[in-house]
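This report concerns only the one structure given below.
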Amino acid sequence: MVVRTRFLPSALASAVLLAACAGAADSPSAHDAPSDETPVSVENCGRGVSFDEPPTRIVALNSSAVENLLALGLGDRIVAADGEESGIKPDLREEFDDLNVIDSSGDSYPSAEAMLEHEPEFVYSVYPSAFRENDGIMTREDLAALDIESYLSPGRCPDRETTQKLRFEDFWAELTELGDLLGVPERAEQVVAEQRAALEEARASIPETDEPLTVFWWDMGTDQLTAGACCGGPDMVMDALGLDNIFSHVEGAWADVSWEAVIDRDPDLIVMADTSESWQEKREYLAGDTTLSQLRAFKDDRIVELPFSQTTPGLQSIDGIRSISEALSTWDSAQ
């Protein structure tokens, strides 16, 4: 079992760097350098990230980070990854299976030693937890001390205001920045264009209503309830479809709310995320409560069930968009 550390001991850092130098001298890299060698710099969560030429050795620390890189055609440059196949888009799972996935030994992230054995030039995470001192893999400052650049999804910057709404443009800007940093701007542009087209198609399929449909985005919990709030992935999806999030006034990406508030707003639609409780468990909970079972959305079966991977900001948000728009279109045609 790998022992986790809060920081990289200097002896280990020196050993890793010496091994990297020796390996570079003894044998050619298995990853061919990209042809575009124009220096690129971006500002990321208060830190500068720059490369004279695109990196060829990348570590991705979450399923969403892996997914984004695979969508950009960079699978051959991922020397190590942390993530679960179940969280990857189905059309990218075959490529994911070919990656070197680091064993985290039951912890949230692999150890610093396990990551640095792969001699990364660039470390990418969509969650700030990866770079925390106590329970992450390494801080961004410690990585920089080893001349390793890092990147965190801008929508999750630690100093981001809890009232600042997240929109698809933010995610697409992230893909564009990654494309620039990693030397694949055209591919990033293509992915963003595909996402824009899919969003417009979904919007066009939604039936017109006199007032925006109201939505309760049920993330997790039964007695202690967590819902999509003002400023995360759920609200991003609802806003893009012109839907009214009943908890858009509550700070944060997700927030603890009460059933009384849900009952008071009696939403037109319920979105259920497959989290610590399955969709079936959530349906059974509503059916077993004499008051909650009278919610209009439950009585009319206007419920959309989404896998967790479609409820967090990323490539699969557009699949959540499709699922909701298709359900709305089906319900309308059935009336």
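Every read-out reported here was derived from the displayed coordinates using simple, explicitly stated rules and does not represent laboratory data. Since the model is a prediction, treat every value here as computed from it, not as a measurement. Counting neighbours? That spans all protein chains shown, and the Cβs are built from the backbone with ideal geometry, glycine included.
Diffusion coefficient (Stokes-Einstein, Kirkwood radius over C-alpha pairs, 25 °C, 0.890 mPa s) for the chain: 114 µm²/s, rounded to a whole number.
Per the Cauchy relation, a quarter of the hull surface: what is the mean projected area of the convex hull of the alpha carbons in the range 30-155, in nm²?
Details: hull surface 31.1 nm².
If I average the Cα hull's projected area over directions, I get 7.8 nm².
Among CYS231, CYS157, CYS45, the ranking by other beta carbons within 10 Å of each residue's beta carbon, starting with the fewest, stands as CYS157, CYS45, CYS231. Computed over the alpha-carbon pairs of the range 248-331, the distance histogram in 5 Å steps reads 3, 13, 20, 25, 24, 13, 2, 0 percent, short to long. Sites listed here are GluC sites (Glu not before Pro) in the range 58-158 whose DSSP assignment is loop and whose Cβ has at most 14 other Cβ atoms within 10 Å: GLU84, GLU133. Under 5 Å between amide hydrogens, built in the peptide plane, is the criterion, and for GLY232 it picks out LEU166 among residues at least 5 positions away or on other chains.
Let me have the 222 nm mean residue ellipticity of the chain computed from DSSP H runs of 4+ only, each contributing -39500 (n - 2.57), with the sum over all residues rounded to the nearest 500.
Details: 12 runs with 123 residues, N = 335.
Counting only the DSSP helices, I get -11000 deg cm²/dmol.
Sorted fewest first by neighbouring Cβ atoms within 10 angstrom, SER111, SER258, SER64 come out as SER258, SER111, SER64.
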